[in-house]
1. Looking at segment 30-57, which of its residues are touching a helix residue (DSSP H, G or I) at 6+ places or on another chain (Cβ under 9 Å) and either in contact (Cβ under 8 Å) with a residue 40 or more places away in the chain or polar (S, T, N, Q) (or both)?
2. Looking at segment 13-25, which of its residues are assigned to a helix (DSSP H, G or I) and surrounded by 19 or more Cβ atoms within 10 Å (Cβ to Cβ)?
3. Within the bounds of segment 129-140, is there any residue that is surrounded by 13 or more Cβ atoms within 10 Å (Cβ to Cβ), touching a helix residue (DSSP H, G or I) at 6+ places or on another chain (Cβ under 6 Å), in contact (Cβ under 8 Å) with a residue 40 or more places away in the chain and closer than 26 Å to Cys70 by Cβ?
4. Looking at Phe107, Phe91, which is the one that is surrounded by 14 or more Cβ atoms within 10 Å (Cβ to Cβ), touching a residue at least 40 places away in the same chain (Cβ under 8 Å) and touching a helix residue (DSSP H, G or I) at 6+ places or on another chain (Cβ under 7 Å)?
5. I'm trying to understand the selection: among the residues of segment 18-41, which are polar (S, T, N, Q) and within 16 Å of Val99 (Cα to Cα)?
6. Take the residues in segment 41-60 that are crowded, with 20+ Cβ neighbours inside 10 Å and of a type outside the set (Gly, Ala, Ser); name whichever of them is nearest to Ile94 (Cα to Cα).
7. Considering only residues that are among the hydrophobic types (A, V, I, L, M, F, W, C) and at positive phi, which ones fall in segment 72-105?
8. Could you check, for segment 5-12, whether at least one of its residues is in a helix (DSSP H, G or I) and either at pLDDT below 95 or within 21 Å of Lys146 (Cβ to Cβ) (or both)?
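The values are calculated or read from the model by the stated rules, or taken from the named source; none is laboratory data. What you see is a predicted model; the values in this text were computed from it and never measured. Cβ placement follows ideal geometry from the backbone for every residue including glycine, while neighbour counts extend to all protein chains displayed.
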Amino acid sequence: MILFNNLKKGNILVNARSKEPITLFNKLLNLAVKNGEIQSGNLEELKSALTAREKSMTTGIGKGLAIPHCVSPKVKTPVIMLATINEGMNFAAIDDKPVYVVVLLLFPESKMSSHVKALAEIAQIMRDNELIKKLLALKTPDGILKAIKSYNNDE
């Protein structure tokens, strides 16, 4: 599974305090730079790509989940970031409800099929209301990563 193989505990923000998606994108992308996942010189281009994608159609897919994503030549390997937002965020989700879990995907152009598979996998896994509740209750990136990996093993 792409999520389980590519999500690292250093790429998880617990109870991110952002009021709007663009602010959260900044936080997640800056974390990706800090962790060496992307180069700082590519930050603005990736932020623009994510923002453009969000403006064209929301990535808030409902049930408290958003999956902002883009494909870029500036990304060499798949990068998956996760943020929990305990108070919820307006993401213009298709069900008009707040988003509590955001899984941000950055994929190289050469991995388009993996990008599409990752979107489908994450949408399916995160539709589990109990998993979302569990992720929101956890206080550490390590706990969140273990819960996701445990969920994968239970499937």
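1. Within segment 30-57, Asn30, Ala32, Glu37, Ile38, Gln39, Ser40, Asn42, Leu46, Leu50, Thr51 meet the criteria.
2. Pro21, Leu24, Phe25
3. yes
4. None of the others qualify; the one that does is Phe91.
5. Of everything in segment 18-41, those that are polar (S, T, N, Q) and within 16 Å of Val99 (Cα to Cα) turn out to be Ser18, Thr23.
6. Among those residues, the one meeting the criterion is Thr59.
7. Ala92
8. Checked segment 5-12: at least one residue is in a helix (DSSP H, G or I) and either at pLDDT below 95 or within 21 Å of Lys146 (Cβ to Cβ) (or both).
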